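The values are calculated or read from the model by the stated rules, or taken from the named source; none is laboratory data. Owing to the predicted nature of the structure, the values given are computational and were not obtained by experimental measurement. With ideal geometry, Cβ positions are generated from the backbone for all residues, glycine too; neighbour counts draw on all protein chains shown.
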Amino acid sequence: MTAILSWFALALLTTASAGVLLSRNWRWTLVLLAILYVGVFIFVRLYWPLGMAAVKLIAGWIASTILGMTRLGVEPISEPVQESLPQGIPFRLLMAALVGVTVTAAAPHLSGLIPGIGLAESAASLLLIGLGLLSLGITSQPLQTTIGLLVVLAGFEILYAVVESSVLVAGLLAVVNLGLALTGAYSLLAGENRQSA
Amino acid sequence: MNAPLIWIGLPIFLAVILSFIPRPRLISRLSGVFALTLAGLAWIVPIDDVLSIGTISIKITSVFQFLGRQLVLGAPSRSVLVVFYGLSGLWFLGSNAAGVSRRLVPAGMAITALLIGALAVKPFLYAALFIETAILLAAPILIAPRQPAGRGVIRFVTYQTLAMPFILFAGWLLAGVETSPSDLALAKQSAALLGLGFAFLLAIFPLSTWMPMLSEEAPPYIFGFLQWILPTTSLIFGLGFFDRYAWLRQAELLPQVLRMAGFLMLITGGIWAAFEKRLERILAYTSITETGCVLLALSLGMDKTQLIFLFFVPRSFGLAVWTLGLSTIKDQVKSLDFIAVQGLARRYPLAVSAILAAQFSACGIPLLAGFPPRLALWETLAETSLIAALWFGIGLLGIFLGAVRSLTALVTSVELTYWQSQEDWSQRLLLGAGIAMLFLLGLLPQIIQPLLVTFPSMFEQLSG
């Protein structure tokens, strides 16, 4: 049953994280981010008690909500954006596929390195870290950068939940997630302040 | 009474209160006095010992239980508390003159407390989480008022956040190395991850690109405060790893890696500072070279950790004086490039003197605060390798050239302007005191010795 749940969660995370990378509509991106945290919760629940695992889910959802509510009230900045890399869907798909191939190759090694971690968890964490880093590499916009960082951290949290079950760490990681969302929200509003000033 | 509650809990509580006070001058003075009081308390009051005042006996305990873990501020931490709160207090007192007290002080107080928390938490590995929380608190105050978040701030948050997972995971691997020291592959993996984590955290070349960008976007005084407190905490945190893991401090490759990273930072920062045309970017490059100097000091061996601590206080004073000077002139000119600031020395003589004194101090000119630590480092480097000493000189020469170019730009006047001081009285007072302090630390470096001598006692193994 646990194995089925793990592979289901991996499928969910793959879909959601790829969607976060490919989507150009911020509403869809944030919905997919919230779904991504369900997958993270399923993985973390395998190693942590329900109460502690739920912290990840709730913190992730609150982070998505903070970003969504802030973005809702902000007009997009009309300044030309300097992007150094191609931004099209085909390029992103290709890069995501490359990350997928790398993860497929690296996940079994990670399973060997960390005692007790399953292949699905290894693959899920590496996939999130890879796609999050990819997202960070191709944008410099506050919202996308914040989402990219949240995705990277989500991947790390799956990995770290296997080796560390401290309440303090769970609490501080939740604070970091929420802090990132608030920083992202502030960054979005900072641009808006200038427009209305 | 409990030390972590006094030096971590109380400042965070005060930070919340301060954020509701609308008067900038009051915020600046209140926080300055409070931080200096905390520093004074740490200097005078013993921890874990009974202090008798007349009939009253007080004992401050060092341990505070927090979510199943401990925050420990024992007697060896007192010097850190004195330095952190003492210097933060001075930064806060100067914040009003820099025009940023409402932005800097509440967040700055909480950041200082969180970074003390980072050094107090047990297991010490969790410090990465406290540092990350402090960084997230710092990000909003770095965004200039009425300006969109620039790429520098975004990159700062990104790079500093990426440090945390690397360090936490490396810490877990290091524990594995401790139980099976013969596993060389595991040792290499953990060392590589740890190195990457600290490369992000300390903005080691080439991960320092955000610094010049951020220096252009952020208010100079806030940038300076963070450039002092964040690397200092990260370096102390890094020393904790060497203290904890014997195999790490005895690793053969470690001095070479640290030396290479240090020289890369010193030389690249120096070269860029020499060719840079913007005053605030020169500050950023110089800050990179300062971290490079500390890494070089670290590469000289764990028996020379005292050299590292020599840099802490002059760095803080140098940055404070430099950024206060920049803040004073920033609002008067369109930008801080050499053309825009030409001749400002005639209108803002003290601010310009402060900028130049701090710049010359950073390149180790005699009689200034930066001279004693650089001389000590240069001398020790020369004992190990003359080529290393030569490269060190090249790095310092780059900063010196940047300082000379700044001097030329600031004193060259295109039109006839009479000398007059347009700084207000508080700026004059603070800038004058800051310049005097730079000279005092250069002439009498031993005045901070009582503080620094107890620093290594924080580290059981490194203190020898």
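Summary table below
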| read-out | value |
| --- | --- |
| Residue among B:SER190, B:SER234, B:SER180 that is touching a residue at least 60 places away in the same chain (Cβ under 8 Å) and hydroxyl-bearing (Ser, Thr, Tyr) | B:SER234 |
| Matching residues in region B:68-79 - criterion: being among the hydrophobic types (A, V, I, L, M, F, W, C) and within 15 Å of B:GLU460 (Cα to Cα) | B:VAL72, B:LEU73, B:ALA75 |
| Every residue from region B:399-445 that is of a type in the set (Val, Ile, Thr) and under 15 Å from B:LEU368 (Cα atoms) | B:ILE399, B:ILE435 |
| Residue list for region B:157-171, restricted to those being under 15 Å from B:PHE242 (Cα atoms) and either facing chain A (nearest Cβ under 7 Å) or not β-branched (Val, Ile, Thr) (or both) | B:ALA170, B:GLY171 |
| Single residue of region B:199-214 satisfying the filter (in a helix (DSSP H, G or I) and within 15 Å of the chain's Cα centre (by Cα)) that is surrounded by the most Cβ atoms within 10 Å (Cβ to Cβ) | B:LEU201 |
| Of the criteria (1) within 22 Å of the chain's Cα centre (by Cα); (2) of a type outside the set (Gly, Ala, Ser); (3) over 30 Å from B:GLU217 (Cβ atoms), which one B:PHE312 fails | (3) |
| Verdict on B:ILE135 being over 22 Å from B:LEU254 (Cβ atoms) and under 18 Å from the mean Cα position of the chain (by Cα) | yes |
| Of the criteria (1) within 23 Å of the chain's Cα centre (by Cα); (2) surrounded by fewer than 23 Cβ atoms within 10 Å (Cβ to Cβ), which one B:THR417 fails | (1) |
| The listed residue being buried (at least 24 other Cβ atoms within 10 Å of the Cβ), more than 10 Å from every other protein chain (Cβ to nearest Cβ) and modelled with pLDDT of 90 or more, out of B:ALA139, B:ALA127, B:ALA98 | B:ALA98 |
| Those helices (runs of 4 or more DSSP H) lying entirely in region A:1-75 with at least 1 residues more than 16 Å from A:LEU150 (Cα to Cα), among the small types (Gly, Ala, Ser) and at pLDDT 90 or above | A:2-22, A:50-72 |
| Residue ID - farthest from B:THR289 (Cα to Cα), chosen from residues in region B:398-431 that are of a type in the set (Gly, Ala, Ser) and in a helix (DSSP H, G or I) | B:SER426 |
| Residue among A:ILE42, A:ILE66 that is surrounded by 18 or more Cβ atoms within 10 Å (Cβ to Cβ), within 20 Å of the chain's Cα centre (by Cα) and without any contact (Cβ under 8 Å) to a residue 40 or more places away in the chain | A:ILE42 |
| Selection status of B:ARG103, surrounded by fewer than 24 Cβ atoms within 10 Å (Cβ to Cβ), closer than 25 Å to B:THR209 by Cβ and more than 10 Å from every other protein chain (Cβ to nearest Cβ) | yes |
| Which numbered condition B:LEU14 fails, given (1) out of contact with any helix residue (DSSP H, G or I) (no Cβ under 7 Å at 6 or more places or on another chain); (2) closer than 13 Å to B:ALA113 by Cβ | (1) |
| Residues within region B:289-326 that are under 19 Å from B:GLN256 (Cα atoms) and either at pLDDT 90 or above or in a helix (DSSP H, G or I) (or both), tallied | 17 |
| Selection from region B:147-156 of residues that are assigned to a helix (DSSP H, G or I), surrounded by 23 or more Cβ atoms within 10 Å (Cβ to Cβ) and at the interface with another protein chain (Cβ under 9 Å from one of its Cβ atoms) | B:VAL153, B:ILE154 |
| Region B:172-195, residues that are surrounded by 19 or more Cβ atoms within 10 Å (Cβ to Cβ), under 25 Å from the mean Cα position of the chain (by Cα) and within 14 Å of chain A (Cβ to nearest Cβ) | B:LEU193 |
| Residue within region A:157-168 that is over 30 Å from B:GLY176 (Cα atoms), at pLDDT 90 or above and not charged (D, E, K, R) present | no |
| Residues being in contact with a strand residue (DSSP E or B) (Cβ under 8 Å, 6 or more places away or on another chain) and within 14 Å of chain A (Cβ to nearest Cβ) - total across region B:67-86 | 4 |
